Amino acid sequence: MGDVPVGGGVLVDMPGDGQLLLVRPSEGVVKAFNPACPHQGTTVNPPTGGEITCPTHRSGFDPATGAVRSGPAPKGLTEVAVVVTRTDVVLA
């Protein structure tokens, strides 16, 4: 995650498990979310300008918690438990 700036994120492919959205909301903190928007299942975009957004109907989510901030999404993004090592981020 060292190449992901604080406030940024990246979509990663998990073999056999689909995708995860990994975000770095602050220094030393890594969060993982299921990137499917709860509204219609569209894959959300990594955070820019302090918000994760859905490209379909513009729902906005907090990158630190996944909570919905705006738009038609009925709930926030589902957090996925991960463990961060010196070189990897793995499912917990």
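Computed from the coordinates by the stated procedures, all read-outs in this text should not be read as laboratory data. Keep in mind that this is a model prediction, so the values were computed, not measured. Cβ placement follows ideal geometry from the backbone for every residue including glycine, while neighbour counts extend to all protein chains displayed.
Each of VAL68, GLY7, VAL30 was placed along the dipole of the chain (beta-carbon charges, centred on the mean Cα), and the one lying farthest toward the positive end is VAL68. Phi-derived couplings, Karplus 6.51 cos²θ - 1.76 cosθ + 1.60 at θ = phi - 60°, listed residue by residue for segment 81-92: 6, 9, 10, 9, 9, 5, 10, 9, 10, 10, 4, 7 Hz, with x used for Gly and Pro. For the chain, the relative contact order works out to 21 percent when only alpha carbon pairs closer than 8 Å and six or more residues apart are counted. Counting other C-beta atoms within 10 Å, and keeping those with at most 16, which DSSP coil trypsin sites (Lys or Arg not before Pro) do you find in the chain? Filter output for the chain: ARG58, LYS75, ARG86.
Listing HIS39, HIS57 from fewest to most neighbouring C-beta atoms within 10 Å gives HIS57, HIS39. The residues neighbouring LEU22, those whose beta-carbon lies less than 13 Å from its own, together hold a net charge of -2 under the Lys/Arg +1, Asp/Glu -1 convention.
Could you give the Stokes-Einstein D for the chain in µm² per second, using the C-alpha Kirkwood radius, 20 °C, 1.002 mPa s? D = 165 µm²/s.
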